[in-house]
Amino acid sequence: MRKKIIAGNWKMNTDKKDSKNLVSEIVKNSEEKNHTYIILSPPYIYLQQAITDCMHRKDILVASQNCSSFDNGAYTGEVSAKMLKSIGVDYVIIGHSERRQYFKESNDILNDKILQALSNNLKVIFCCGEDINQREKNEFFDVINDQLSSTIFKLDSKKLSNIIVAYEPIWAIGTGKTASPEQAQEMHFYIRSLFKKNFGDNVGDNISILYGGSCKASNAKTIFSQSDIDGGLIGGASLKSADFISIINSI
Ligand code: 13P
């Protein structure tokens with residue numbers, strides 16, 4: 001059975017106190033369910049505290065929002081995958097459109113980061129998504145195929161059990177404009193069919209594909225009820241514990 005996942009990407013938000021409170025509210029108000037995982041992704045400096053505070057819950061995992069594409073050495077300001085692993089991080093988010101856009105992360109850089117993460121036994125949440133022009137020009141299937149073909153489709157199929165895909169249309173991120181359940185399902189079905197074509201039915205049937213982009217308590221249930229949508233990668237609505245809990249309860 002495919003894993004169901006609700007992940008909260010806090011981006012560059014919260015301070016030390018907010019972060020600790022958010023984790024403790026989520027731990028207190030959520031229940032362990034079979035095959036369902038909660039992934040919390042605070043900023044780097046709050047990862048250690050979050051890991052400590054979730055230690056007793058096997059269903060709550062912690063993700064870093066980034067990792068270095070380098071192994072170790074003179075790279076001021078960088079944090080390596082090995083360092084993240086050493087404090088107990090489970091996942092790394094790679095390929096988020098904000099990193100591609102604001103930090104100019106190319107496919108080559110993303111591939112180096114994926115290798116760093118996987119070789120240090122971290123799992124990857126790999127993001128893909130088209131912008132509004134590509135959506136309006138009906139290029140979205142090709143864009144997603146290109147983004148995946150130049151990155152995770154280069155991996156050998158055994159490594160794919162350590163990958164979660166997040167489909168995040170850029171036009172829906174932080175805009176309040178969610179993809180309709182039909183638009184999201186159509187893309188998730190397409191992404192799964194690409195995995196089946198390239199790696200076989202078993203890989204395609206088992207990979208979790210999350211939707212991200214203005215997912216909130218009011219629309220989560222209809223989005224998650226689509227057959228190829230295995231949960232969500234939540235930005236803004238993951239910063240309020242009541243909203244995030246309500247999204248968790250919609251799965
Ligand atoms: P919003 O939920 O704020 O649209 O952000 C989605 C996202 O980018 C999660 O990674």
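The values are calculated or read from the model by the stated rules, or taken from the named source; none is laboratory data. No experiment lies behind these values; they were computed from the predicted model shown. Positions of Cβ are backbone-derived with ideal geometry, glycine not excepted, and every protein chain shown enters the neighbour counts. Side chains included, ligands, DNA and RNA excluded: accessible areas come from the protein's heavy atoms. Shrake-Rupley method; radii C 1.70, N 1.55, O 1.52, S 1.80 Å.
At-a-glance table
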item	result
Qualifying position, being of a type in the set (Asp, Glu), touching a residue at least 60 places away in the same chain (Cβ under 8 Å) and away from the ligand (no atom under 16 Å from the Cβ), among Asp230, Asp201, Asp205	Asp205
Members of the range 129-167 that are crowded, with 18+ Cβ neighbours inside 10 Å, charged (D, E, K, R) and in a loop (DSSP other than H, G, I, E, B)	Glu130
Count - residues of the range 101-128 that are on the phi > 0 side of the Ramachandran plot and under 17 Å from the mean Cα position of the chain (by Cα)	1
Candidate set: the range 100-110, residues that are under 21 Å from Lys159 (Cβ atoms) and without any contact (Cβ under 8 Å) to a residue 40 or more places away in the chain; chosen: the one least open to solvent (accessible area, probe 1.4 Å)	Glu105
Any hit, the range 168-176, residues being closer than 30 Å to Asp243 by Cα, more than 16 Å from the ligand (Cβ to nearest atom) and either open to solvent by 10 Å² or more (accessible area, probe 1.4 Å) or of a type in the set (A, V, I, L, M, F, W, C) (or both)	no
Hits in the range 1-25 - residues which are in contact with a strand residue (DSSP E or B) (Cβ under 7 Å, 6 or more places away or on another chain) and at pLDDT 95 or above	Lys4, Ile5, Ile6, Ala7, Gly8, Asn9, Trp10, Val23
The range 31-59: number of residues that are open to solvent by 80 Å² or more (accessible area, probe 1.4 Å) and among the aliphatic types (A, V, I, L, M)	2
